[in-house]
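A single structure is presented below for examination.
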Amino acid sequence: MNIFIDTEAMRFVTEKELRQEFEQLKREQPEEYAYTFEQYIQNCTSKNGTLEET
């Protein structure tokens, strides 16, 4: 299980929590989140993202 640090909220987040968050966002805004969970992680950990993998 991967663990991430949310640099904005200064807290640890598990991959399971991120997946649940992603699924909820996808249900609420399907047109904006029309990509895979892996792409979501990549976006969140990219240069402009707020997550860092530990």
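The values are calculated or read from the model by the stated rules, or taken from the named source; none is laboratory data. Because the structure is a prediction, the values reported are computed rather than measured. As a convention, Cβ positions derive from the backbone with ideal geometry for all residues, glycine included, and neighbour counts pool all protein chains shown. Protein only, heavy atoms only, side chains kept; ligands, DNA and RNA dropped before computing areas. Shrake-Rupley method; radii C 1.70, N 1.55, O 1.52, S 1.80 Å.
For helix 15-28, what angle does its Cα long axis make with the longest principal axis of the chain, in degrees from 0 to 90 and rounded to 10?
Compared with the principal axis, the helix lies near 30 degrees.
Return the sequence-ordered ³J(HN,Hα) values of the range 32-42 in whole Hz as given by the Karplus equation 6.51 cos²θ - 1.76 cosθ + 1.60 applied to θ = phi - 60°, using x for Gly and Pro.
Running phi through 6.51 cos²θ - 1.76 cosθ + 1.60 with θ = phi - 60° gives 7, 10, 8, 8, 7, 4, 4, 5, 4, 4, 4 Hz.
Across the chain, what fraction of all alpha-carbon pairs, as a whole percent, falls in each successive 10 Å bin from zero upward?
In order of increasing distance, the bins hold 25, 56, 19, 0 percent.
How large, in percent, is the carbon and sulfur part of the accessible surface of the chain at a probe radius of 1.4 Å?
47 percent
If you keep only loop residues by DSSP, which GluC sites (Glu not before Pro) in the range 8-54 have at most 13 other Cβ atoms within 10 Å of their Cβ?
Qualifying residues, ordered by number: 8, 31, 32.
With a 1.4 Å probe and all protein chains left in place, how much accessible area per residue does the chain have, in Å²?
So the chain comes to 77 Å² accessible per residue, rounded to a whole number.
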